[in-house]
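Below: one structure, written as structure tokens.
A short reminder: the numbers here are calculations on the coordinates, not readings from a lab. Keep in mind the model is a prediction, meaning the values are calculated, not measured. Because the Cβ atoms are built from the backbone with ideal geometry, glycine has one as well, and the counts that use them run over all protein chains shown.
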Amino acid sequence: MALKVSCPICAAKVEWIAEQRFKPFCSERCKMIDLGDWATEAHKIPCESSDVEVSDDELF
């Protein structure tokens, strides 16, 4: 019996098997919704704020 996980976008149950192409998502649609959330910064990795301001030119 395969492990079942919930899709992080729509909560549909997904079998955790090699044939499941989009795991942990249930479909390409949910995978792309998540990618869009990262691209628009709806999801962010938390970090401690810094008082130091860095311009975009200094990053490259």
## Note on the structure
How many residues of segment 5-31 are over 12 Å from the mean Cα position of the chain (by Cα), in a loop (DSSP other than H, G, I, E, B) and of a type outside the set (A, V, I, L, M, F, W, C)? The answer is 4
### Query
In segment 25-50, what count of residues is obtained for those that are in contact with a helix residue (DSSP H, G or I) (Cβ under 9 Å, 6 or more places away or on another chain) and either in contact (Cβ under 8 Å) with a residue 12 or more places away in the chain or not small (Gly, Ala, Ser) (or both)?
3
### Query
If you check 15, 28, 53, which single one turns out to be surrounded by fewer than 10 Cβ atoms within 10 Å (Cβ to Cβ) and not polar (S, T, N, Q)?
53
